Structures are given as structure tokens and as C-alpha cells.
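Submitted below is the structure of interest, expressed as C-alpha cells.
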Amino acid sequence: MEHREDKKRLSSWRDIDQTKGHRSLTPIARWKKLQYYGKLIGSAAIVVCCVLGALWALRIVQIKSRSIRVEGVTQILKRIDFETDGILTGQWCKDFLKLPESVPFMDVNLFQVKTQLESFGQVRSVVVERQFPDTLKIHIEEYRPVLRIAVKEDSKPAQLFLISKEGIVYQGVGYQREIIGKLPFLTGVPLNKVGNSFQRLEGMEIISRLISLANIKKPHLYANWKSLSCEQFDHRVGAEWSRIRVSTKDVGEVIFGTQDFSEQLDRLDFIVKNLKASQKEGRVEYIDLSTDTQAAVQLTSVFTGKKQSQVRQ
Amino acid sequence: MNSKIVGAIEIGTSKVIVLVGEIIRGNSLNIIGVSEIPSIGVKKGEMIDLKAASLVTHEAIRAAEKSSKATLDKAFLAQTGSHLMGIQNTATVKVRSADNIISASDIQRVQEEAKSKELDAQRVYVNHIRNFFKVDNKIVENPIGMEGQQLSVSYWSISGDVNRIKDSLRVINGFGLEVENMVISSVASGSIVTSETERKNGVLVIDIGCGTTDYVAYKDGVVIKTGVVPIGGDHFTNDLSLGLRVNNKHAEKLKLEVGKAVIDDSDKEEKVWLIGGRTIGDRNVKRLAIYQILNARAEELFGIIKKQLSPIEIRELSAGVVLTGGSSHLRKIDEAANNVLNADIRLAENPNWADSELRDPKYSTALGLLHYSLKTNNPHLPEEQSGLFHRLAKMLF
């Protein structure tokens, strides 16, 4: 190396490379070199420790700041995200819950909100969840009305309630008047009040099955149904005497047994068509479909008013 | 407080001296560490045993660091030895601008030209000491902005044997230090024992060391000549040892206790015991014998210096001759110098700002190095940083 350096023709002592060929000739120099490398390694270790420490501290700070951030944004509930499978609205929800303005997000009691909403008869089930940073998400499933009922309590005027297929009696909110107006009334059922609501009606799934079938299969017949009476209805299994009496606008009263509604509706349709063909539908007092494959049709005489019975197969 | 730690190292034939200084704000120097260790492995200013020389030098550096409680990264190194040679390098360039106004680039060109004079193989420049500028053969101090056609500059350039220089560097580098600057011993000591007025009037500084004698001549405030004579205090001792047939130890003692560099008629007939202490086998000689031996060597030494300086140069030394170095303690050496050089002679005194223990002329070179470092650092802003990181690094290293 020196040879090469000399070949370059050094002109000043400053051209001599002082960084090369430092052999430590003496123990003092070797000790100093050892100390130097020791300190170098030590300081490298310190630097590495500092970097690791800083990273660790940064991580801690980040975690802490994340939690601080949550605390910070949860101070106020800003939004209620409302979903339903029915007709209730977000505004109704707000009005119903009556949560105070600027309520701390974390102070909202989810269980209480759920219980409060489920206390409303129209609401079948509620899922409430917090969506951070500031949104309360409420998902509601509603009962669907199949019947309506007029209830008169003491001296108060009669009030209209709706009945779901599950037998829940409730005051409907938000329904269109036309839809409610098409629902048949339910009569002849005892209503028991529990607190502010009515006890669930037993056996309504059977009646709602009849209504659903009629609505789907024979809408022209169903459109004339005014009310259903449960005076002779017994929901228990094996109650052969159980009858559902439907008051109609065109063919008087139709009496259904509680078995095979589809077949009974077909028979009713056949009978009503025949009656209409013979222009006797206005004279029908009742049609009894509860007798297996037969139907008893009671007509009223136009002239004498005497009843005439026919049995059709 | 901005400060810089500087080290000055003189590896002499008889001793290694290390001084540690603290330059504060670039304009104030405090000497904070001193160490002096008898030298080995050095003869006539040149290293003959690198390992031995390294050992004592490293020990001296460590001792100085310990006494100053500072750590050196770089140091100024004094360079001596008969391999050093000085020549006058002069360069002339034409002023480039159309209006003949001298610019900084003209100065840079002429300086580079003067410094780039080729040397023999195996030789490198140690110092370039600028003498003066000339504009159209007229001496000027600062030619910038002056009008002229030709710009000249002269340097007293000192070169040395590359291997001797590398040996010196290897010793210092071997301790993990970098040589920040190399200054020849005579220039270093000359800057400390003479005043600016003396240098302007013309003065010759003779630094008589143990193995060599370095000299520097100043005129008009600039160095006009330097040289190294391979004769030092050891030669006086050797002469006594050979002439009187005593060992070096006793010869050294005789030189210091009864020796004179001139023949003193008042006591020349007195006899002195060569060993003393009533030692068996001791014998006595007339002082005259001692004086004659020492005077012969002194006249030889000053004769060589006189020979190396031209008569004109000697005549121009209005401020006389200053003797310094450890061997300038020889009694009547100033008279011997006067007899040869026929000039006003005085013995050097180190400046008052140095501690009393550093006033001895043997410290002139090391003090001169520190002084040189102060001058080098003075025009610049202090390099020492006082930031947290720097302090931390300093603490670690």
C-alpha cells in the first residue's frame, strides 16, 4: 500500500494517509484501542437500547392515545342508526327513547334502551349496539298485524288495537289507514290486561293461518270479510268442536272448522260462485264449512222470510 | 463556553514533551496538561527504534491526558532532524483580469504554483511558510484589489524525507491520534521566544537541543531561512567523555556544573574532580581542558550556522540572536555565539503567560506548537461544539 502511495508522488506530508496502517505498537495504544472499541460497542448498545426504548414508548403512547381517543369521542352521542323490518321510523325511535341532548356516548345504557323499546307492543325484538366513535345502532323487528280489535275500557271511548299472528295485541303506530281498514275485526275473545298491555291471545296462529290462506288464495272472498268471531274457537289440539265464524259482506256468516282451511276455502268459493250464479247470495244467512266435505247453506226466503236449508256436496 | 482541546507533541532526542491546551473562543489559550518523559529510540532528532519511541511517546500522551483530564483527538507535532531542508520557492503569474486588478483567484493561482514545485522522490513538504507577495516586483502585504501585471509570491518551503515523516506519523497515529499539523521545531520555538518587533527587525533563533540544533531566521516579520544542524547538547557531553575519558554520566555532570562554552581566563587554572565524591580512581583536571573541549564544539556549531547563513542575512539580523532549547543552559554559550556570529546574543525566555515551570527554554518548541495552534484556530470560528450530542459523544469517547 505504501508502495502504491509513494508511486502517487506525495507532495506534502498531508498527502500521507493517516487512517491506514495504525498498528498499535505499544500496550498503552492497544489498551486505548480496546477502550475505544469497548466504548463504541457500549454506545452502539446504548443507541440500540434507546431506539428500542423509544419504539416501546411510542407503542405505549399509541395505545394510550388510542384509548384517550375513544374516551374523547364518546363524550357525546351524535347519531342513532335505526333499522327496522317494519314501518317504524328513526324519528319515532328518538321520540320514544327521549335520550337527553348531548348524552355521553358511554353513558347510554344499551340494556335499558333495549328493554324500553321492547316494551312497545309493536316491537318484537331489538338489537342495540355501539358503533364507535359516536353512533348507536338500533335494529328492530316488528310484529305484523293480521287482525284488529276494538277495545272499550270502562267509560273511555273504544280504542282500536291490532293483533299479530302471534296473538300480540298492540296499538299500531305508523300504519297507513287503508291497510288497517282492510283488516277484519276479531270478536268474541276475552282480553286480559297485564300492566299497560294485554295478555297474548292463545291460538292466534291458527286463525292467522286461515286469514293468510284466504288473503293469498281467495282474495276476492277475503276482501268481503268483516270480522272473525272466536266465540266457538278452541285452540287446543283435538277440539273438533272448535269453530271460527267469519262475518262477510256478501254471504252472511261463514263457519270454518279448524282443519284444512285450504279445502274449506275452495268449497266456500264454489258455493259463493253458485249462489251468485243463481243470484241468491244476498239471501244467505250462513254457510257452514265445518262439516267435513259437505257444506250447509242457510238461505232466507225473500217473500216469507222463512229459512230454507240446502246441503251441498 | 466554546472551547477546543489541542495537543502539542515534541519527540526529542532526550525527552518527549506533551502539552495539552484549551483554546477558548478561538482567542485564548490555557495550558491544562503537561508531561515530560525521557526519550528512547530517538537519535539526532530521528527515530531509530520505532517501538521504543512509540512506547515513551504514548506514555507521555497518556500522562498529559491524565493531567489535563481531557482526551486528545488530534495534535500538533514538532518535526526536527537533519533530513529537513528548506528552499525558497517563488512563483509568478500574470494577472488575468482585463483591468489588471488582482483578485483572489490570482492569489490562489500563484500560491498553488509556488507550492507545487516538484521535489526529489522520497521527499515531501512539511511546511510552506509564506514570505511576501510582490506586485510588479514591489513587496506588498495584501495584493487583493491592487493593480499590476505580475503577481509573485515566495515561500520558505521545508521538506523532509518521506519515510522519516511517516515514522513520526506512525507513532502518533498508533495511539489513535491524528496529526492536525506538523511544524518544524525551529519555527515553533522561534514564534514563542521572539517578539513581532524582533521578527520584523530580523532575528535568528537557535534552538540547541540534545541531538540537533534547529535555527530559524526572520526578517521583515517572515521566515527567511531555517535549518537543522546535527549537533546538540549530547555532542558536547560526548566530546567531554572522549576528551577526558569519563563516562557520559559524569561528562554530563561536568558539562552542567563546571562547563563553559568559552575559555574563561579567571578560573581556567582551577582543577576539578572528574567524578567527585572522593571516588576511588577519580582524578582531577584543569577547568581549561573542559572549557577548551566545549568551546571547540560550540564554535563548530555556530560556525556551521554562520556558514549556512549568508553574510547579508547575518548583517540583517538587527534584533540579534536568541538562544533557546535545553542545551542553551550551558554557561557562556551566548559569549561563544557572539564570538562566532558577531551579533547581539540573548538567552530566550518563554513568555510570562506560561506557568513558571514552563518558562524553561526546553519547553519553547512545545509552547510554540500550542501558540501555532492558537494562531491556526484564531481566524476560524471555534470548532468545538457544546451541543448535547457532542457532549455525550465526548463523554463516551
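The values are calculated or read from the model by the stated rules, or taken from the named source; none is laboratory data. All values derive from a computational prediction rather than experimental measurement. A quick note on method: Cβ atoms are made from the backbone with ideal geometry, for glycine too, and the neighbour counts reach across all protein chains shown. Note: areas computed on protein heavy atoms with side chains; ligands, DNA, RNA excluded. Shrake-Rupley method; radii C 1.70, N 1.55, O 1.52, S 1.80 Å.
Give the stretch A:255-268 a look and list any residue that's within 15 Å of A:GLY188 (Cβ to Cβ) and touching a Phe, Trp or Tyr at 6+ places or on another chain (Cβ under 8 Å), or say none.
A:ILE255, A:THR258 - these are the residues of the stretch A:255-268 that are within 15 Å of A:GLY188 (Cβ to Cβ) and touching a Phe, Trp or Tyr at 6+ places or on another chain (Cβ under 8 Å).
Okay, next question. Return a yes/no flag: does the stretch B:128-140 have any residue that is assigned to a strand (DSSP E or B), closer than 22 Å to B:ALA217 by Cα, in contact (Cβ under 8 Å) with a residue 40 or more places away in the chain and within 14 Å of chain A (Cβ to nearest Cβ).
yes
Condition check ((1) without any contact (Cβ under 8 Å) to a residue 12 or more places away in the chain; (2) within 18 Å of B:ASN247 (Cα to Cα); (3) open to solvent by 20 Å² or more (accessible area, probe 1.4 Å)) across all residues:
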{"residue": "B:ALA289", "(1), (2), (3)": "no, yes, yes"}
{"residue": "B:GLU299", "(1), (2), (3)": "no, no, yes"}
{"residue": "B:PHE302", "(1), (2), (3)": "no, no, no"}
{"residue": "B:LEU317", "(1), (2), (3)": "no, no, no"}
{"residue": "B:VAL322", "(1), (2), (3)": "no, no, no"}
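When the stretch B:160-176 is examined, which residues are found to be within 7 Å of chain A (Cβ to nearest Cβ), crowded, with 24+ Cβ neighbours inside 10 Å and modelled with pLDDT of 90 or more?
B:ILE165
Could you check the stretch A:117-144 and list, in sequence order, the residues that are outside any strand (DSSP E or B) and over 24 Å from A:SER102 (Cβ atoms)?
Once the filter is applied, which keeps residues that are outside any strand (DSSP E or B) and over 24 Å from A:SER102 (Cβ atoms), the stretch A:117-144 yields A:GLU118, A:SER119, A:PHE120, A:GLY121, A:GLN122, A:TYR143, A:ARG144.
Within 17 Å of the chain's Cα centre (by Cα), over 30 Å from B:ALA98 (Cβ atoms), part of a loop (DSSP other than H, G, I, E, B) and not assigned by TED's automatic domain parsing to the domain that holds B:LEU358: is that true of B:GLY211 in this structure?
So B:GLY211 fits the description; yes.
Look at A:LEU186 and say whether it is touching a Cys at 6+ places or on another chain (Cβ under 8 Å) and not aromatic (Phe, Trp, Tyr).
Yes.
Give the residue that is surrounded by the most Cβ atoms within 10 Å (Cβ to Cβ), with candidates limited to residues of the stretch A:31-40 that are out of contact with any His (no Cβ under 9 Å at 6 or more places or on another chain) and facing another protein chain (nearest Cβ under 7 Å).
Filtering first and then ranking leaves A:LYS39.
Residue by residue, here is whether (1) more than 21 Å from B:ASP334 (Cα to Cα); (2) assigned to a loop (DSSP other than H, G, I, E, B) holds:
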{"site": "B:ASN238", "(1), (2)": "no, no"}
{"site": "B:LEU242", "(1), (2)": "yes, no"}
{"site": "B:HIS250", "(1), (2)": "yes, no"}
{"site": "B:LYS253", "(1), (2)": "no, no"}
{"site": "B:ILE263", "(1), (2)": "no, yes"}
{"site": "B:ILE275", "(1), (2)": "yes, yes"}
{"site": "B:GLY281", "(1), (2)": "yes, yes"}
{"site": "B:LEU288", "(1), (2)": "no, no"}
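Being in a helix (DSSP H, G or I), modelled with pLDDT of 85 or more and out of contact with any strand residue (DSSP E or B) (no Cβ under 7 Å at 6 or more places or on another chain) is the filter; apply it to the stretch B:338-357 and report the residue that is nearest to B:PHE302 (Cα to Cα).
B:VAL340
State whether one or more residues within the stretch B:354-368 are among the aliphatic types (A, V, I, L, M) and in contact with an Asp or Glu (Cβ under 6 Å, 6 or more places away or on another chain).
Among the residues of the stretch B:354-368, at least one is among the aliphatic types (A, V, I, L, M) and in contact with an Asp or Glu (Cβ under 6 Å, 6 or more places away or on another chain), which makes the answer yes.
Which of the residues spanning the stretch B:170-179 are touching a strand residue (DSSP E or B) at 6+ places or on another chain (Cβ under 8 Å) and either free of Cβ contacts under 8 Å to residues at least 24 places away in the same chain or not aliphatic (A, V, I, L, M) (or both)?
Hits for the stretch B:170-179 are B:ASN173, B:GLU178.
One line per residue, one yes/no per condition, for (1) out of contact with any Leu (no Cβ under 9 Å at 6 or more places or on another chain); (2) open to solvent by less than 10 Å² (accessible area, probe 1.4 Å); (3) among the small types (Gly, Ala, Ser); (4) at pLDDT 80 or above:
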| residue | (1), (2), (3), (4) |
| --- | --- |
| A:VAL237 | yes, no, no, no |
| A:VAL251 | no, yes, no, yes |
| A:GLN264 | no, yes, no, yes |
| A:GLY305 | yes, no, yes, no |
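Yes or no, residue by residue, for (1) part of a loop (DSSP other than H, G, I, E, B); (2) within 20 Å of the chain's Cα centre (by Cα):
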position: B:GLU113; (1), (2): no, no
position: B:GLU118; (1), (2): yes, no
position: B:ILE144; (1), (2): yes, no
position: B:LEU151; (1), (2): no, no
position: B:ILE172; (1), (2): no, yes
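What pairs come out if I take residues in the stretch A:281-308 that are at negative phi and pair them with residues that are at pLDDT 80 or above and acidic (Asp, Glu) whose C-beta lies under 6 Å away, six or more apart or interchain?
Listed by first residue and then by second, the contacts come to A:GLU281/A:ASP250; A:TYR286/A:GLU253; A:ALA296/A:ASP288; A:GLN298/A:GLU285; A:THR300/A:GLU285.
May I pose another question? For the condition modelled with pLDDT under 90, farther than 17 Å from A:VAL146 by Cβ and assigned to a helix (DSSP H, G or I), what is the one hit in A:LEU299, A:LEU275?
Working: A:LEU299 fails: assigned to a helix (DSSP H, G or I).
Every option except A:LEU275 fails the conditions.
Return the only residue of B:LEU151, B:LEU244, B:LEU204 being closer than 30 Å to B:GLY259 by Cα and free of Cβ contacts under 8 Å to residues at least 60 places away in the same chain.
Just one listed residue meets the conditions, B:LEU244.
Yes/no per residue for (1) part of a loop (DSSP other than H, G, I, E, B); (2) open to solvent by less than 50 Å² (accessible area, probe 1.4 Å); (3) modelled with pLDDT under 85:
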site	(1), (2), (3)
A:LEU25	yes, yes, yes
A:ALA29	no, yes, yes
A:GLY42	no, yes, no
A:ILE46	no, no, no
A:LEU55	no, no, no
A:LEU58	no, no, no
A:SER67	no, no, yes
A:GLU83	no, no, no
A:LYS114	no, no, no
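Another one. Out of B:ARG297, B:ARG199, which single residue is more than 27 Å from B:GLY41 (Cα to Cα) and within 29 Å of the chain's Cα centre (by Cα)?
Numbers: B:ARG297 fails: more than 27 Å from B:GLY41 (Cα to Cα).
Selected residue: B:ARG199, the only one of B:ARG297, B:ARG199 that is more than 27 Å from B:GLY41 (Cα to Cα) and within 29 Å of the chain's Cα centre (by Cα).
May I pose another question? What is the one condition in (1) more than 30 Å from B:VAL153 (Cβ to Cβ); (2) out of contact with any Gly (no Cβ under 7 Å at 6 or more places or on another chain); (3) open to solvent by 30 Å² or more (accessible area, probe 1.4 Å) that B:PHE236 does not satisfy?
Looking at each condition in turn, B:PHE236 falls short on (3).
Quick one: B:GLN79 ticks every box in (1) on the phi < 0 side of the Ramachandran plot; (2) open to solvent by 20 Å² or more (accessible area, probe 1.4 Å) except a single one, so which number is it?
Among (1) on the phi < 0 side of the Ramachandran plot; (2) open to solvent by 20 Å² or more (accessible area, probe 1.4 Å), B:GLN79 violates only (2).
Can you name every residue in the stretch B:256-286 that is in contact (Cβ under 8 Å) with a residue 24 or more places away in the chain and open to solvent by 40 Å² or more (accessible area, probe 1.4 Å)?
If the condition is that a residue be in contact (Cβ under 8 Å) with a residue 24 or more places away in the chain and open to solvent by 40 Å² or more (accessible area, probe 1.4 Å), then B:LEU256, B:ILE263, B:ILE275 are the ones that fit.
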